[in-house]
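Trainee: Dropping a structure here in structure tokens format, bear with me for questions.
The values are calculated or read from the model by the stated rules, or taken from the named source; none is laboratory data. Values in this document were obtained by computation on a predicted structure and should not be read as measured data. We place every Cβ from the backbone using ideal geometry, glycine too, and count neighbours over all the protein chains shown. Note: accessible area is taken over every heavy atom of the protein model, side chains too, but ligands, DNA and RNA are not part of it. Shrake-Rupley method; radii C 1.70, N 1.55, O 1.52, S 1.80 Å.
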Amino acid sequence: QIGSCLKRLVSRRLCIIQLSSLTLPPCQLINQTVSLEKEGCPSCHPVETTICSGHCITKDPVIKIPFSNVYQHVCTYRDLYYKTFELPDCPPGVDPIVTYPVALNCHCGRCAMDTSDCTFESLQPDFCMNDIPFYY
């Protein structure tokens, strides 16, 4: 099916949309374990939350126009709220409260850098800085 789709130049855009929708998971809510940590507290704590994950249909223009704005759509939050958690084992004088986002629904749109990680390859949500050995 892929070969026949790619051979049809006239309906190439439709084929690409059909192929991507068949092979890649769409932008949707998923359950995810995230690691909560805070500077000054000795350990990370895993919690379950919902995040946005999946692929969005996007395009890259063939003709590049200088100073034109081309935005790639990413799977991002439409609505979210924040939960709080109290980290155990924080020493006196360190506020043990951390907040983390809980996605309510998702959409394909421009990346909001203040609430989303829009990098090509980022750290995983359950990554913990305390797991990295530090040598003096």
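Trainee: Through the Karplus equation 6.51 cos²θ - 1.76 cosθ + 1.60, θ set to phi - 60°, convert the phi angles of the stretch 27-34 into ³J(HN,Hα) values in whole Hz; use x for Gly and Pro.
Mentor: The phi angles translate into 5, 7, 6, 9, 7, 9, 8, 10 Hz.
Trainee: Could you pull out every residue, at least 5 positions away or on a different chain, whose amide H is within less than 5 Å of the one on Ser43? Hs are placed 1.01 Å off N in the peptide plane, and Pro or chain starts have none.
Mentor: It is none; the list stays empty.
Trainee: Say each of Tyr71 and Asn105 gets a label point 7 Å from the Cα, pointing the same way as Cα to Cβ; how far apart are those two points in nm?
Mentor: Distance between label points: 1.9 nm.
Trainee: Let me ask something additional. Pull up all non-local amide H partners of His55: gap of 5 or more, or a different chain, and H-to-H distance under 5 Å with H placed in the peptide plane.
Mentor: Close amide H contacts, sequence-distant or interchain: Cys27.
Trainee: Please work out how much accessible surface Phe85 shows to a 1.4 Å probe, ignoring ligands, DNA and RNA, in Å² rounded to 10.
Mentor: It works out to around 50 Å².
Trainee: Follow-up. On a 1.4 Å probe surface of the protein chains, which of Asp114, Asp89, Asp79 comes out largest in accessible area, and what is the full order?
Mentor: Ranking Asp114, Asp89, Asp79 by accessible area, largest first, yields Asp114, Asp89, Asp79.
Trainee: At 0.36 nm per residue, minus the direct Cα-Cα distance, what do Met113 and Gln28 gain on full extension? Give it in nm, one decimal, please.
Mentor: Extending this stretch completely gives an extra 28.7 nm.
Trainee: If each residue of separation counts as 0.36 nm, what is the full-extension length gain between Asp79 and Asp95 once their alpha-carbon separation is subtracted?
Mentor: Once the chain is fully extended between Asp79 and Asp95, it gains 3.0 nm.
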